[in-house]
Protein chains: 2
Amino acid sequence: MKKSHQSALASLKRKLPGRVFTDPESCFAASLDNLRLSFAPDAVVKVRQASDVGVLLQLANQYKVPVTARGAGSSATGSAVPLRGGWALDLSALDSIRIDAVARIATVGAGAITAELQAQAEALGLFFPPDPSSKKYTTLGGNIACNAGGMRCVKYGVTRDYVLGLEGYLADGSPFKFGLPLKKYVSGLNLRDLLIGSEGTLGIVTQAAIKLLPKPEKRWTGMFAFKSEAAALKAVVALFKQGHNPSILEFLDRQSVGCAEAYTGKTIFPGHSRASILLIELDGTASELRQQRRALLDFMAERAVAQREARTEAAAEKLWQVRRTCSQSMFSLADTKLNEDVVVPLEKQAELIRYTLQLKKEIGLATPTFGHAGDGNLHVHIMYNRSSQVEAARAKAGIYKLMERVVELGGVITGEHGIGLAKIPFMPLQHTKSEIAAMRTVKAALDPKGILNPGKMFDSFEVWEHEPVDVRLPWDHR
Amino acid sequence: MKKSHQSALASLKRKLPGRVFTDPESCFAASLDNLRLSFAPDAVVKVRQASDVGVLLQLANQYKVPVTARGAGSSATGSAVPLRGGWALDLSALDSIRIDAVARIATVGAGAITAELQAQAEALGLFFPPDPSSKKYTTLGGNIACNAGGMRCVKYGVTRDYVLGLEGYLADGSPFKFGLPLKKYVSGLNLRDLLIGSEGTLGIVTQAAIKLLPKPEKRWTGMFAFKSEAAALKAVVALFKQGHNPSILEFLDRQSVGCAEAYTGKTIFPGHSRASILLIELDGTASELRQQRRALLDFMAERAVAQREARTEAAAEKLWQVRRTCSQSMFSLADTKLNEDVVVPLEKQAELIRYTLQLKKEIGLATPTFGHAGDGNLHVHIMYNRSSQVEAARAKAGIYKLMERVVELGGVITGEHGIGLAKIPFMPLQHTKSEIAAMRTVKAALDPKGILNPGKMFDSFEVWEHEPVDVRLPWDHR
């Protein structure tokens, strides 16, 4: 550790007594996220109140100590990894949730758990739609840092669409409020939204005002089997053309379904093994739902080869279990999963799937794909065995080719995970030099000393050159 | 004109032949917006294609020529006024609208008219909710530049909530695409949203990808009279508490209603002259609407002193005419209207109305107020006669007091108009020095030579020291 950083740490311990940890266990736990690359911080600071963040940033800015904020550490991209050491800023204790049921606005701490906000909102007849798959663990601060999505975006949009106001601290430790718990706000430059998705590189959010919706009266889930991905994705396009408005529209390719069926030893739709599947949720008032369900079943009658519907929550849960099983069962193919979260225009999804099958042949690795077909946001996986250098090299080449094709199709390299470390190599595919220069100049303006999450998003980093650690994280199911 | 600006202009005329106008009529027309303060540009550039903007900005940046973008010029704040001369950049010819009905995404030029997008979307069974009152004239570029709102924000949000991607040019003329016509996109820093509401100070948007919704099947409008503003606003709070979800919820105070009744010679609700009024729109499927309407009428039965409903569009139009008449008829009180667009928390609206009545007494000027009570976004007007120095001084003092009270109540000085020139004096009430410094450093980063709409948002400007011009603009009804 640099001498100046040692003085800074001593000063930090005096100013935030009982909140600064340098023991190996604490440092290891804060050294990684779901990307599982580990870079140890010099210290972990577990804040007790928002103002601790201001105190810490003043010192960090003065002594140029890197600061990397973290919530649950469930980021898929390494955005919560303290790549350059320094201080890991653990915001998980800022977990308050207050709901104003008249204004339909929640005020949440950065450490509040997403599923907890959803539960408290539901108890008041309200609804917070964004639902990343790790919602039982993720924090709202993390959701905001990467502008998290999930399954309901097709009807309800992403995290950004629910953020009204942010409070926190700028790189120099000065407090900010950008936006307020109000539904309209246009005073000054929109730094609130600039912070959303900035992965802790521009400022630290300690509290957010979140817009809630009235909770839909009822939900209905249906699962539909198709002979091919092409047939399933053709149905997706026709569905929007005919004016349907699903709250969830998930797609599973045959590789994914095959994994689940091999894993469980059961065919999901008897007589139709290895089908491609659409999982659809509808929501609304009871009468609206009846109308929507009828229209959807009529629509599917000519298109799907088999179908199943859930009228109760328990029955729906069983259908969703199929989706989760696909995700877990892929590890029967190989021990390592690259999980990309690319987006292409709705009508290009079939072409993307054809490309994943071509890629499968080219690189000799499985490419099971599922995802949010209502947004064009497909999770393309490449499965490989880490111990095989040949497979690793093929997987790496495959990801590059995939990203190139996604951008060619008018898509984006990341729809809900963000850049972090993992997607850095693909930034030049997505953005021109002047676009990246514009982003970097904004970063430099708000963080002139470069202390906030240094090394992320723009610097060069090659995830393949680093060995991931073997660790069990709370959301691991295998 | 500076010599360097003369060379720049000569060069511009060569590079964009037939698009550069320096005649007095063109320069006068581009010298003002709805604030009606006139500052003549050196030239007006009527672009024919997006790339013209890049050509112009390269030159402007090289020669440090101020550039102020404009669409319809309907800004209420002076944001489209070329305060420091230079070039007025007229984007109104970029008026293309293309709608992808499957993806439910419109691609629009910056000059496309808001109402035209709405009409084309409706023809395809789709819906673009933001509806600023000047929507027949305003451009999408202008809506994005000030993050425009309107009446349907209570249920559907503001312009920002519908912007998926922006294309345009940075201050140095390099092209950008921030976001794409995709519903999920989290690659790099979110400069797309930073540009929304930036009033042409950070970059010039030439094209936008706009999210559309399925068009609600039906609409219903009801108008309700209350004995007092307090009773009407108490009903607003109770309405949300009980879970109603109106698509419009407009409030009219007794001063506004009094103006309309004096102007038309008719009592809106016979037997209840000078009532306070709520105008409510519901939307949804036919069955949903029946259910909502019943619940709302039951709710209002104990609260309103009179009511009227519209089951047809023509009947609804008659009810909305009441709202428009209020706006126009205020000029019977005095020749000049200050129209503020403040926002306070929902439950503070009654307190704000009490304050407008206190202010009325204090300054001896009428303070008729109406607005979007579902968002807490109330248009407080102060009416005065411009020729009276006494009244002008009182009006000015009144606005300052109003803004102070709004911020005290946890509100914001502008909910949908933006800062421009008119709200500059109130920025320090809303934002701390470090917040403003953060905004300015971002501005300097993206526009280092300060050519984009200079003098707006941050510089000091006193609107009262400038005489407005007497001009009839397309949206003037009197």
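The values are calculated or read from the model by the stated rules, or taken from the named source; none is laboratory data. Note that the coordinates shown come from a computational prediction; the quantities given were computed from them, not determined experimentally. Please note: Cβ atoms are built from the backbone with ideal geometry, for glycine as well, and neighbour counts cover all protein chains shown. To get the accessible areas, we keep the full protein, side chains included, count just its heavy atoms, and leave off ligands, DNA and RNA. Shrake-Rupley method; radii C 1.70, N 1.55, O 1.52, S 1.80 Å.
Report, by residue number, each residue of the range B:11-48 that is of a type in the set (Gly, Ala, Ser), more than 25 Å from the chain's Cα centre (by Cα) and in a loop (DSSP other than H, G, I, E, B).
Within the range B:11-48, the subset of a type in the set (Gly, Ala, Ser) is B:11, B:18, B:26, B:29-31, B:38, B:40, B:43.
Still in the running and more than 25 Å from the chain's Cα centre (by Cα): B:11, B:18, B:43.
Within the range B:11-48, B:GLY18 is the sole residue that qualifies.
For residues that are within 23 Å of B:LEU252 (Cα to Cα) and within 14 Å of chain A (Cβ to nearest Cβ), tally how many sit in the range B:272-285.
Number satisfying all stated conditions: 2.
Could you tell me whether the range B:286-298 includes any residue that is closer than 25 Å to A:ALA101 by Cα, more than 14 Å from every other protein chain (Cβ to nearest Cβ) and of a type outside the set (A, V, I, L, M)?
Yes, that holds for at least one residue.
Go over the candidates B:ALA69, B:ALA80, B:ALA76, B:ALA106 one by one and state the one that is part of a strand (DSSP E or B), closer than 30 Å to B:SER460 by Cα and either touching a strand residue (DSSP E or B) at 6+ places or on another chain (Cβ under 9 Å) or small (Gly, Ala, Ser) (or both).
Matching residue, one of B:ALA69, B:ALA80, B:ALA76, B:ALA106: B:ALA69.
Name every residue in the range A:329-351 that is out of contact with any Phe, Trp or Tyr (no Cβ under 9 Å at 6 or more places or on another chain) and farther than 19 Å from A:GLY258 by Cα, in order of residue number.
Once the filter is applied, which keeps residues that are out of contact with any Phe, Trp or Tyr (no Cβ under 9 Å at 6 or more places or on another chain) and farther than 19 Å from A:GLY258 by Cα, the range A:329-351 yields A:GLU340, A:ASP341, A:VAL342, A:VAL344, A:PRO345, A:GLU347, A:LYS348, A:GLU351.
Given B:ARG324, B:ARG290, which one is of a type outside the set (A, V, I, L, M), surrounded by fewer than 16 Cβ atoms within 10 Å (Cβ to Cβ) and under 18 Å from B:SER133 (Cα atoms)?
None of the other options fit; the residue is B:ARG324.
For the condition within 14 Å of another protein chain (Cβ to nearest Cβ), out of contact with any Cys (no Cβ under 9 Å at 6 or more places or on another chain) and hydroxyl-bearing (Ser, Thr, Tyr), what is the one hit in B:THR77, B:THR22, B:THR107, B:THR68?
Testing whether each residue is within 14 Å of another protein chain (Cβ to nearest Cβ), out of contact with any Cys (no Cβ under 9 Å at 6 or more places or on another chain) and hydroxyl-bearing (Ser, Thr, Tyr) leaves just B:THR107.
Would you check if B:ALA350 is under 17 Å from B:LEU252 (Cα atoms), out of contact with any helix residue (DSSP H, G or I) (no Cβ under 9 Å at 6 or more places or on another chain) and in contact (Cβ under 8 Å) with a residue 12 or more places away in the chain? Even if it seems obvious, please write down each step before you answer.
Numbers: under 17 Å from B:LEU252 (Cα atoms): yes; out of contact with any helix residue (DSSP H, G or I) (no Cβ under 9 Å at 6 or more places or on another chain): no; in contact (Cβ under 8 Å) with a residue 12 or more places away in the chain: yes.
No, not satisfied.
Any idea how many residues of the range A:270-291 are within 22 Å of A:ALA350 (Cα to Cα), in a loop (DSSP other than H, G, I, E, B) and under 30 Å from the mean Cα position of the chain (by Cα)?
Counting residues in the range A:270-291 that are within 22 Å of A:ALA350 (Cα to Cα), in a loop (DSSP other than H, G, I, E, B) and under 30 Å from the mean Cα position of the chain (by Cα) gives 2.
Against the conditions (1) surrounded by 21 or more Cβ atoms within 10 Å (Cβ to Cβ); (2) more than 30 Å from B:VAL442 (Cα to Cα), where does A:TYR263 fall short? Just the number, please.
(1)
Which of the following residues is in the same structural domain as B:TYR137 (by TED's automatic domain parsing), surrounded by fewer than 18 Cβ atoms within 10 Å (Cβ to Cβ), hydroxyl-bearing (Ser, Thr, Tyr) and not in a loop (DSSP other than H, G, I, E, B): B:SER51, B:SER4?
B:SER51
Residue check, B:PRO17 against (1) open to solvent by 40 Å² or more (accessible area, probe 1.4 Å); (2) touching a Leu at 6+ places or on another chain (Cβ under 7 Å), all met but one. Which one?
Unmet for B:PRO17, out of (1) open to solvent by 40 Å² or more (accessible area, probe 1.4 Å); (2) touching a Leu at 6+ places or on another chain (Cβ under 7 Å): (2).
Of these, A:ARG308, A:ARG303, A:ARG294, which one is part of a helix (DSSP H, G or I) and either of a type in the set (Lys, Arg) or in the same structural domain as A:ALA392 (by TED's automatic domain parsing) (or both)?
A:ARG294
Taking the conditions exactly as written (open to solvent by 20 Å² or more (accessible area, probe 1.4 Å) and either facing chain B (nearest Cβ under 8 Å) or within 17 Å of A:GLY142 (Cβ to Cβ) (or both)), does A:GLU199 satisfy them or not?
no
Which of the residues belonging to the range A:436-459 are within 23 Å of B:TYR169 (Cα to Cα) and touching a helix residue (DSSP H, G or I) at 6+ places or on another chain (Cβ under 8 Å)?
Restricting attention to the range A:436-459, the residues satisfying the condition of being within 23 Å of B:TYR169 (Cα to Cα) are A:436-446, A:457-458.
Correct list: A:ILE436, A:ALA438, A:MET439, A:THR441, A:VAL442, A:ALA444, A:ALA445, A:LEU446, A:MET457, A:PHE458.
Return the residue satisfying two criteria in turn: it lies in the range A:208-247 and is of a type in the set (S, T, N, Q) and surrounded by fewer than 23 Cβ atoms within 10 Å (Cβ to Cβ), and of such residues it is farthest from the other protein chains (Cβ to nearest Cβ). Spell out the reasoning first.
From the range A:208-247, those of a type in the set (S, T, N, Q) are A:221, A:228, A:242, A:245, A:247; that's our starting set.
Now drop any that are not surrounded by fewer than 23 Cβ atoms within 10 Å (Cβ to Cβ), which leaves A:228, A:242, A:245, A:247.
Working: A:SER228: 20, A:GLN242: 10, A:ASN245: 5, A:SER247: 12 Å.
Selected residue: A:SER228.
Under 7 Å between Cβ atoms, which residue pairs at least 6 apart in sequence (or on different chains) link something in the range A:125-139 that is among the basic types (Lys, Arg) with a partner that is surrounded by 23 or more Cβ atoms within 10 Å (Cβ to Cβ)?
That search, which allows pairs on different chains as well, returns A:LYS135/A:THR114.
Can you pull out the residues in the range B:459-478 that are hydrophobic (A, V, I, L, M, F, W, C) and either touching a Cys at 6+ places or on another chain (Cβ under 8 Å) or under 15 Å from B:VAL81 (Cα atoms) (or both)?
B:PHE461, B:VAL463, B:VAL469, B:VAL471, B:LEU473
Which of (1) touching an Asp or Glu at 6+ places or on another chain (Cβ under 8 Å); (2) in a loop (DSSP other than H, G, I, E, B) is the odd one out, the single condition A:SER92 does not satisfy?
It is condition (1) that A:SER92 fails.
Of (1) surrounded by fewer than 22 Cβ atoms within 10 Å (Cβ to Cβ); (2) within 24 Å of the chain's Cα centre (by Cα), A:ALA101 satisfies all except one. Which?
Result: A:ALA101 fails condition (2) only.
Could you pull out the residue among A:LYS177, A:LYS184 that is free of Cβ contacts under 8 Å to residues at least 12 places away in the same chain and more than 30 Å from A:ALA295 (Cβ to Cβ)?
Details: A:LYS177 fails: free of Cβ contacts under 8 Å to residues at least 12 places away in the same chain.
After applying the criteria, what remains is A:LYS184.
Checking B:GLY271 against (1) open to solvent by 70 Å² or more (accessible area, probe 1.4 Å); (2) touching a residue at least 40 places away in the same chain (Cβ under 8 Å); (3) among the small types (Gly, Ala, Ser), only one condition comes out false. Which one?
Of everything listed in (1) open to solvent by 70 Å² or more (accessible area, probe 1.4 Å); (2) touching a residue at least 40 places away in the same chain (Cβ under 8 Å); (3) among the small types (Gly, Ala, Ser), B:GLY271 misses just condition (2).
Quick one: is B:LEU319 open to solvent by less than 60 Å² (accessible area, probe 1.4 Å) and either under 25 Å from the mean Cα position of the chain (by Cα) or not small (Gly, Ala, Ser) (or both)?
In short, yes.
Run B:LEU89 past the list (1) open to solvent by 10 Å² or more (accessible area, probe 1.4 Å); (2) under 17 Å from B:GLY420 (Cα atoms) and report the number of the one that doesn't hold.
The number of the failed condition is (1).
Here's a check for you: in the range A:128-173, which residue that is assigned to a loop (DSSP other than H, G, I, E, B), surrounded by fewer than 23 Cβ atoms within 10 Å (Cβ to Cβ) and facing another protein chain (nearest Cβ under 9 Å) is nearest to the chain's Cα centre (by Cα)?
Here the residue is A:GLY157.
Which residues, taken from the range B:54-84, are open to solvent by 20 Å² or more (accessible area, probe 1.4 Å), in contact with a His (Cβ under 8 Å, 6 or more places away or on another chain) and within 22 Å of B:PRO468 (Cα to Cα)?
Matches in the range B:54-84: B:SER75, B:ALA76.
Would you check which residues across the range B:327-349 are open to solvent by 20 Å² or more (accessible area, probe 1.4 Å) and among the acidic types (Asp, Glu) and list them?
B:ASP335, B:GLU347
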